[in-house]
Amino acid sequence: MKSNKVVSLLKDLGLLLYAMFALFPLVWLVIISFKHDREMFNTTFIFSPTLDNYRVLFSSGEFIGYFVDNLIVSVGAIILSIVVGVPAAYALARFDFKGKESIAFTFLSFRFAPEILVVLPIFLIYQKIGLYDTYFGLIWIFQVVSLPLMIWILRGYFEDISVEMEHAARLDGYSWWQVFIKMIIPLIKPGLVASSLLSFIFVWNNFTFSLLLAGQKVTTTTVAMLKYVSSDTVHYGQMAAAVLISSLPIIILALAIQKHLVRGLSMGAVKG
Amino acid sequence: MKTVVSERDVTVVPAVRKKRKWTADHWLAAAFLTPSVVLIFIFVYGFIGWTGYVSLSNWNSLVPDLSFAGWKNYIYLFHDFRFQADLRNTVVFTVLFIGVVVVLGQFLAILLDQKLRGESIFRNIFFFPMALSFVVTGVIWQWLLNPSTGVNLFLKKFGLDSKWYTDTTILGGFHIGKIEGGVPVAMIAVVIAAVWQMTGFAVAMYLAGLRAIPEEVREAARMDGATEFQIYRKIIIPMLRPITVSVIIIMAHISLKIFDLIYAMTGPGANFVTDVPGVYMFETTFRGNYYANGAAIAMIMLLSVAIFIVPYLISSRKGES
């Protein structure tokens, strides 16, 4: 079995090599974030670490503002898409009617359209009606991003609840609404959590809409990132710290709901 | 098989359909669905239609002018140096990006498959770049591959000196239209960044596919005296073909509409060596106020994505019923 050992060693080596490639940018970021700007161009790995970058980031309040803005629009969009999406997902799971699949299909299709395709009319309308550069404006367009995800994931959860159970509860004299709140919502809670977190990742990371429909009063972290890059005095260390702080929560979140992320992105092509 | 495209049953509607009255269920369904349907129809189909309409108009200044221009904007674009460069870059980017992601994703998934120790650690390491915004990826790789900082400080010590995305060389250059056809070297840097971000996703998809292959298949092959290598080459990899199709299509729609990554990482580049339609659309519409031209670029992008996506969606729908 000597050759088997060699094979498994080679396998590990291959995996390790790619793991290094995958991790390298992250390690690099961490290093830079502890580096002083004056050491940026003349040292690689050996330098005197400093917490200055993080200190500046948090003391100015500017970055915290971007972070909070991002949080407000992401959470707002998710709440709005839950309100709109839960009933829609329920209807698609429970009721039979003509054209049901076509409607479900239509929801899905937005995931594939280039954002840049719809942004022009929205930009013009937003400027006209005063939604440009407002929280609500971004929340509104972001819920269009998260709605399809919400509907597609929740529909599966609703379908897993047996109709008989629902009917039994109705026969016991509970109203439809009571059944929905007391029985169905608790049953789909895991789906609700998964689809909310998934939507959160997509909305948090969105750039095109944040860039074109806001940017002065309401600035998300993705747009802020470029502000750091394009400003005259580039503070690499602060940028790295900002990237790390705004990305780490998302990385942890994404790893936690990996399966759903794969499904969401492949739109159900893989059950994972 | 576990990997079929969603296993939802589609209720068969009886062929003979009497004129039925709307039941309470129908009203409820309508009430539940209307907000979403209206939203999607206005914000997606309505606005795509509007963009299509603008793309056929004369509106190329700040003053709205929706008079009909026919194909003028499209004809202009296809004769435009920048747009021709965009088309070249998109093709190069899409082919390289998908090719590398598919090969690497499949390869890594096979290495990971049937590995008991450390599987989840590797999977997580491969997967985490997925979680980042394309903008973040762009910013990170812009520093990393920046000729004056980044890894180059390190690589120079070994005598390697690459200009990465600032390189204006075009490999295999030949004259076509107004541009030089071939592979822009600068695009390779962008491909590296995109591969870094998306390979983990392909690995996850292939792993799901590998898990769905029953152990009996391998065992039967082993009984017949096949070596592990043969089992993969002759049986497993062909069985993964449907996954490959999905990966290709998902990656294609990402690469054809790519904007954030390139906008953050390189911008259009000197001589437009890293320009793509998304960046051109953004600059011409929102910086230059050529609304009709921008709309035409967006429509061409939609069309290119649709060529991949529509057949896929139709076939996956057929698979469901």
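Among all residues of the range A:29-38, there is at least one that is at pLDDT below 90, buried (at least 16 other Cβ atoms within 10 Å of the Cβ), within 12 Å of chain B (Cβ to nearest Cβ) and within 23 Å of the chain's Cα centre (by Cα).
Return the residue satisfying two criteria in turn: it lies in the range A:48-61 and is free of Cβ contacts under 8 Å to residues at least 60 places away in the same chain and open to solvent by 50 Å² or more (accessible area, probe 1.4 Å), and of such residues it is farthest from A:Leu244 (Cα to Cα). Among those residues, the one meeting the criterion is A:Ser48.
Of all residues in the range B:178-219, those satisfying the criterion of being in a strand (DSSP E or B) and of a type in the set (Gly, Ala, Ser) are B:Gly181, B:Gly182.
Scanning the range A:196-251 for residues that are of a type in the set (S, T, N, Q), in contact with a helix residue (DSSP H, G or I) (Cβ under 6 Å, 6 or more places away or on another chain) and farther than 15 Å from A:Leu71 by Cβ yields a count of 2.
Among the residues examined, B:Ile309 does not qualify as more than 15 Å from the chain's Cα centre (by Cα), under 18 Å from B:Lys257 (Cα atoms), open to solvent by less than 20 Å² (accessible area, probe 1.4 Å) and at the interface with chain A (Cβ under 9 Å from one of its Cβ atoms).
The set of residues in the range B:38-56 being over 26 Å from the mean Cα position of the chain (by Cα) and β-branched (Val, Ile, Thr) consists of B:Val38 alone. For the range A:174-216, name all the residues that are under 22 Å from the mean Cα position of the chain (by Cα) and among the charged types (D, E, K, R). Residue satisfying the conditions is A:Lys189 alone. Whenever a residue of the range B:204-219 is more than 13 Å from chain A (Cβ to nearest Cβ), its partners that are of a type in the set (D, E, K, R) and surrounded by fewer than 23 Cβ atoms within 10 Å (Cβ to Cβ), lying with C-beta atoms within less than 9 angstrom and at least six residues away or across chains, give the pairs B:Arg218/B:Glu228.
Picking from residues in the range B:268-299 that are open to solvent by less than 10 Å² (accessible area, probe 1.4 Å) and of a type in the set (Gly, Ala, Ser), the one that is farthest from B:Pro64 (Cα to Cα) is B:Gly278.
Apart from one condition, B:Thr168 fits all of (1) open to solvent by 10 Å² or more (accessible area, probe 1.4 Å); (2) within 28 Å of B:Tyr263 (Cβ to Cβ); (3) in a helix (DSSP H, G or I); the exception is (3).
Residue-wise test of (1) without any contact (Cβ under 8 Å) to a residue 24 or more places away in the chain; (2) among the hydrophobic types (A, V, I, L, M, F, W, C); (3) surrounded by 14 or more Cβ atoms within 10 Å (Cβ to Cβ).
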| residue | (1), (2), (3) |
| --- | --- |
| B:Ala29 | yes, yes, yes |
| B:Phe43 | yes, yes, yes |
| B:Gly70 | yes, no, no |
| B:Ile75 | yes, yes, no |
| B:His79 | no, no, no |
| B:Phe83 | no, yes, yes |
| B:Ile98 | no, yes, yes |
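So that you can scan it fast, the table gives a plain yes or no per residue for (1) over 22 Å from B:Phe97 (Cα atoms); (2) free of Cβ contacts under 8 Å to residues at least 60 places away in the same chain; (3) within 11 Å of chain A (Cβ to nearest Cβ):
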site: B:Thr227; (1), (2), (3): yes, yes, yes
site: B:Ile243; (1), (2), (3): no, no, yes
site: B:Phe272; (1), (2), (3): no, no, no
site: B:Thr285; (1), (2), (3): yes, yes, yes
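Residue-wise test of (1) charged (D, E, K, R); (2) touching a Gly at 6+ places or on another chain (Cβ under 9 Å).
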| position | (1), (2) |
| --- | --- |
| A:Val163 | no, no |
| A:Ala169 | no, no |
| A:Asp172 | yes, no |
| A:Trp177 | no, no |
| A:Ile181 | no, no |
| A:Ile185 | no, no |
| A:Gly191 | no, yes |
| A:Leu198 | no, yes |
| A:Ile201 | no, yes |
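Residue check: A:Ala104 meets all listed conditions (1) under 30 Å from A:Phe180 (Cβ atoms); (2) hydrophobic (A, V, I, L, M, F, W, C); (3) open to solvent by 10 Å² or more (accessible area, probe 1.4 Å) but one, namely (3).
Of the residues making up the range B:100-135, just one is without any contact (Cβ under 8 Å) to a residue 40 or more places away in the chain and open to solvent by less than 10 Å² (accessible area, probe 1.4 Å), namely B:Ala131.
Results for (1) of a type in the set (A, V, I, L, M); (2) modelled with pLDDT of 85 or more; (3) open to solvent by 10 Å² or more (accessible area, probe 1.4 Å), shown as yes or no for each residue.
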| residue | (1), (2), (3) |
| --- | --- |
| B:Lys157 | no, no, yes |
| B:Gly173 | no, no, yes |
| B:Val185 | yes, yes, yes |
| B:Ile188 | yes, yes, yes |
| B:Ile192 | yes, yes, yes |
| B:Gln197 | no, yes, no |
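Hey, can you tell me all the residues within the range A:74-98 that are open to solvent by less than 40 Å² (accessible area, probe 1.4 Å) and hydrophobic (A, V, I, L, M, F, W, C)? Answer for the range A:74-98, where residues must be open to solvent by less than 40 Å² (accessible area, probe 1.4 Å) and hydrophobic (A, V, I, L, M, F, W, C): A:Ala77, A:Ile78, A:Val84, A:Val86, A:Ala88, A:Ala89, A:Ala91, A:Leu92, A:Ala93, A:Phe95, A:Phe97.
The helices (runs of 4 or more DSSP H) found entirely in the range A:160-244 that carry 3 or more residues being crowded, with 18+ Cβ neighbours inside 10 Å are A:185-205, A:208-213, A:221-230. Filtering the range B:268-299 to residues that are part of a loop (DSSP other than H, G, I, E, B), within 23 Å of the chain's Cα centre (by Cα) and either under 18 Å from A:Pro121 (Cβ atoms) or of a type in the set (Val, Ile, Thr) (or both) leaves B:Val273, B:Thr274, B:Val276.
From the list A:Ile78, A:Ile103, A:Ile122, the lone residue that is more than 8 Å from every other protein chain (Cβ to nearest Cβ) and of a type outside the set (Phe, Trp, Tyr) is A:Ile78. Scanning the range B:85-96 for residues that are open to solvent by 30 Å² or more (accessible area, probe 1.4 Å) and either not aliphatic (A, V, I, L, M) or not in a helix (DSSP H, G or I) (or both) yields a count of 0.
No other residue among B:Ser148, B:Ser162 is within 12 Å of chain A (Cβ to nearest Cβ) and either aromatic (Phe, Trp, Tyr) or surrounded by fewer than 20 Cβ atoms within 10 Å (Cβ to Cβ) (or both) apart from B:Ser148.
The values are calculated or read from the model by the stated rules, or taken from the named source; none is laboratory data. Everything quoted here is computed from the prediction, not taken from an experiment. Glycine gets a Cβ as well: all are built from the backbone with ideal geometry, and neighbour counts include every protein chain shown. Note: accessible area is taken over every heavy atom of the protein model, side chains too, but ligands, DNA and RNA are not part of it. Shrake-Rupley method; radii C 1.70, N 1.55, O 1.52, S 1.80 Å.
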